[in-house]
Amino acid sequence: MATIRPLYPLSSPLKQKQSIIPSSSTPWIYFKSNLDSTVSSIQLHTIPYQQRQVAAGVAFNPSGNYDLSLFDDENDIQKAPPPMPPTEGRYEVVIDNDIIRRLDLSPFESATGIISPISANANSKEFLEHTIGFTINYTREDEYDPRELSEFPDIRLWFIRLDAVYPWLPVVLDWRAGELARYAAMLVPHQMSMRMGVVFNPEALELFIMQKVFVVYSWLKENDIPMPRLKTKDMARMLGFGIGDELFDLIDK
């Protein structure tokens with residue numbers, strides 16, 4: 001059976017709601033968010049690794065209540081180091097309030113040269129080498145608004161549209177600078193904790209990862225990228241999940 005392995009099982013006081021469909025004991029995935037006036041970068045906490053096999057189940061929690069206190073204790077969570085600086089030479093996509101309001105993808109297209117799926121496929125190796133990152137120059141209506149950028153519906157809607165047009169985008173993001181985690185925060189339900197930062201809904205994150213695994217693996221193969229399985233596994237691992245070869249065997253069949 002196809003398997004995924006959570007890389008970061010947690011010992012935590014958090015309680016998970018009973019899912020409607022029995023799930024794979026997927027752990028909470030914690031990300032710490034550092035926010036300045038314009039750019040939010042998210043980094044994965046270092047959590048002791050305990051490998052275990054888990055069936056690739058899917059579940060959801062319709063209540064949307066994660067039983068998470070804003071001030072939950074994080075005694076069992078080690079502090080993560082600051083995110084690394086942006087990769088030199090990466091494609092930088094700069095967006096602001098007006099671009100976000102109009103759902104305008106032209107800044108992405110002009111910064112990367114991607115104007116169609118065909119152009120993206122032709123330069124796939126170049127995007128993987130240089131990577132892509134985002135600068136979000138977002139001015140709040142209320143300067144004292146404490147929300148993270150990933151909590152603003154209009155920003156999230158822009159990223160949802162971007163992801164709908166270019167669903168393979170996570171694999172070419174600047175992972176080391178936290179762009180993959182921040183991108184996931186724009187698309188995956190989560191809550192904010194004063195101590196832990198971004199706490200993803202575990203089932204939603206699992207669904208997101210599995211969908212991206214299917215899309216990215218196919219895109220890499222179509223563009224003759226070497227070792228597509230390894231690259232796809234690395235992407236999933238950046239968000240805390242290990243992907244078994246059995247899944248790729250099923251896809252290839």
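The values are calculated or read from the model by the stated rules, or taken from the named source; none is laboratory data. This structure is a prediction, so every number in the text was calculated from the model and none was measured. When we count neighbours, we look across all protein chains shown, and the Cβ atoms used for this are built from the backbone with ideal geometry, even at glycine.
Per the listing Ala204, Ala177, the residue uniquely of a type in the set (Gly, Ala, Ser) and in contact with a Ser or Thr (Cβ under 9 Å, 6 or more places away or on another chain) is Ala177.
Mind checking which helices (runs of 4 or more DSSP H) fall wholly inside the stretch 48-135 and carry at least 2 residues that are among the β-branched types (Val, Ile, Thr), modelled with pLDDT of 75 or more and surrounded by 13 or more Cβ atoms within 10 Å (Cβ to Cβ)?
Filter on the stretch 48-135 gives 97-101.
Output the residues belonging to the stretch 122-168 that are touching a residue at least 12 places away in the same chain (Cβ under 8 Å) and among the acidic types (Asp, Glu). Residues satisfying the conditions are Glu148, Glu151, Asp154, Asp163. The single residue among Val198, Val165 that is of a type in the set (A, V, I, L, M, F, W, C) and touching a strand residue (DSSP E or B) at 6+ places or on another chain (Cβ under 6 Å) turns out to be Val198.
For the stretch 198-243, the set of residues classified as basic (Lys, Arg) and either at positive phi or without any contact (Cβ under 8 Å) to a residue 12 or more places away in the chain (or both) consists of Lys221, Lys233, listed by residue number. Evaluating Ala185 against the criteria (1) under 16 Å from the mean Cα position of the chain (by Cα); (2) free of Cβ contacts under 8 Å to residues at least 60 places away in the same chain leaves one unmet condition, (2).
Contact map, the stretch 84-101: first residue at positive phi and without any contact (Cβ under 8 Å) to a residue 60 or more places away in the chain, second residue part of a strand (DSSP E or B) and surrounded by fewer than 19 Cβ atoms within 10 Å (Cβ to Cβ), Cβ cut-off under 7 Å, separation 6 or more or different chains; the map is empty.
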